[in-house]
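The values are calculated or read from the model by the stated rules, or taken from the named source; none is laboratory data. Note that this is a predicted model, so its numbers are computed, not measured. For neighbour counting, all protein chains shown are included, and Cβ atoms are generated from backbone atoms with ideal geometry for every residue, glycine included. Protein only, heavy atoms only, side chains kept; ligands, DNA and RNA dropped before computing areas. Shrake-Rupley method; radii C 1.70, N 1.55, O 1.52, S 1.80 Å.
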Amino acid sequence: MDNKDKKNSLLVGLIAILEVVIIVAIIGVFVYKPEPEVIAGEAEASEYRVSGKILGRVEEFFAEEGDFVHKGDTLVVISSPETEVQLAQAQAAKSAADAAQQKAMKGARSEQVQSAYEVYQKARTAREIAEQTYQRVQRLYDKGVVSLQKRDEAEALYNSAKASEKTSLLQYNMVRNGVDEEGKAAAQAMVDQADGAIKMVNELIKEKFLVAPIDGVIEGIFPHKGELVAPGAPVMSIVDESDMWFVFSVREDQLAGFGVGSEWMIKIPALGKRTYRVKITHIKAMASYATWRATTASDQYDVRTFEVKARPMETIEGLQPGMTAIIRQKDQDLD
């Protein structure tokens, strides 16, 4: 083979190698092309807690997890012997006040004196029960189970019972000693006070029946039937599925374009391949820092993570709280 043939063969070989390199490079571009960054979030909804104002045990449930309830529906009945005792105390105080007023107006007979004494004894017993109730609630408050408001309510009832005892004793003494005009006015004031106490206890008794604050779905039931629940402790949670939004955790270097009011397209894997339009409504920095990240070796900085909230601009059938939502930042022509 002469030199010319050798050169031609070498040139053909080089061309073949070059073609292979070009083909491999083209394949590499398509195979190793970086995927668009994906930002994942999840759907959330407004949640309401159902709780009462009295200490008692769960007597009956009228709804289960997953049930749809309407605003005002009765959900739970709380059994509270304490409130029945408080009502008895208030009624005893009212009886004492009525008896004292009658005696003040008509004068006392021996039977009335005896009746006033018995009313005083009832009031003293009621005060002792109220004191025990207050001490029990105070212990729960010291343990952090009962709120300050509920402890104050128990204290107020106790103070009311003490006042009723004092009043009934005064009324008893007044019956024995006779009553002047000032005493008659005081008797009327005691009647008014007793009426107020009964009204207050009746309002507490209404709290035995816990009702739904909104239309929604029962998401959770916390105590079991028969368990003791403290005032203010949540008994149920209700989710308002008509008020839902999405929350995304977005790194600072991905935040471009996520301005409040901007619109984005999202996918919800659980609902298929369809895309949905959402609008950004709120952005705030999260409390903790994301994993350290650097764009180049010479330009290194900590990257914070931001919480981005977005609301759907259309009704999304089948959407449930907790479902994953996806934003493909470099591919927003999803539809």
If you check every pair at least six apart or on different chains, which have Cβ atoms under 7 Å apart with a residue in segment 44-62 that is closer than 12 Å to I78 by Cα first and a residue that is exposed (fewer than 15 other Cβ atoms within 10 Å of the Cβ) and charged (D, E, K, R) second?
R57/E227; V58/K225; V58/E227; F61/K225
Got at least one residue in segment 39-49 being under 18 Å from K225 (Cα atoms), open to solvent by 40 Å² or more (accessible area, probe 1.4 Å) and either at pLDDT 70 or above or not polar (S, T, N, Q) (or both)?
yes
Take R109 and tell me if it is more than 23 Å from V229 (Cβ to Cβ), charged (D, E, K, R) and modelled with pLDDT under 80.
yes
Test for A270: is it exposed (fewer than 12 other Cβ atoms within 10 Å of the Cβ) and of a type in the set (G, A, S):
no
List pairs: first residue in segment 231-243 and more than 17 Å from A63 (Cα to Cα) and at pLDDT below 90, second residue in a loop (DSSP other than H, G, I, E, B) and of a type in the set (K, R) anywhere in the structure, Cβ distance under 8 angstrom, at least six positions apart or on different chains.
P231/K53; G232/K53
For segment 144-172, what are the residues that are in contact (Cβ under 8 Å) with a residue 24 or more places away in the chain, out of contact with any Ser or Thr (no Cβ under 8 Å at 6 or more places or on another chain) and not aliphatic (A, V, I, L, M)?
S147, Q149, K150, E153, S160, K162, S164, E165, T167, S168, Q171, Y172
Within segment 241-250, count every residue that is surrounded by fewer than 16 Cβ atoms within 10 Å (Cβ to Cβ) and either outside any strand (DSSP E or B) or in contact with a Phe, Trp or Tyr (Cβ under 8 Å, 6 or more places away or on another chain) (or both).
1
Quickly run through segment 70-86 and pick out the residues that are over 25 Å from the mean Cα position of the chain (by Cα) and surrounded by fewer than 17 Cβ atoms within 10 Å (Cβ to Cβ).
P81, E84
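Could you say whether any residue in segment 282-303 is among the hydroxyl-bearing types (S, T, Y) and either at pLDDT 85 or above or under 13 Å from I39 (Cα atoms) (or both)?
no
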Considering segment 198-230, residues that are closer than 17 Å to S80 by Cα and part of a loop (DSSP other than H, G, I, E, B), and then whichever is modelled with the lowest pLDDT, we arrive at E207
Selection from segment 132-174 of residues open to solvent by less than 50 Å² (accessible area, probe 1.4 Å) and among the acidic types (D, E) yields E165
For G257, indicate whether it is at pLDDT below 90, under 30 Å from P81 (Cβ atoms) and either of a type in the set (A, V, I, L, M, F, W, C) or surrounded by fewer than 16 Cβ atoms within 10 Å (Cβ to Cβ) (or both).
no
Looking at (1) under 15 Å from the mean Cα position of the chain (by Cα); (2) open to solvent by 30 Å² or more (accessible area, probe 1.4 Å), can you tell me which one E227 breaks?
(1)
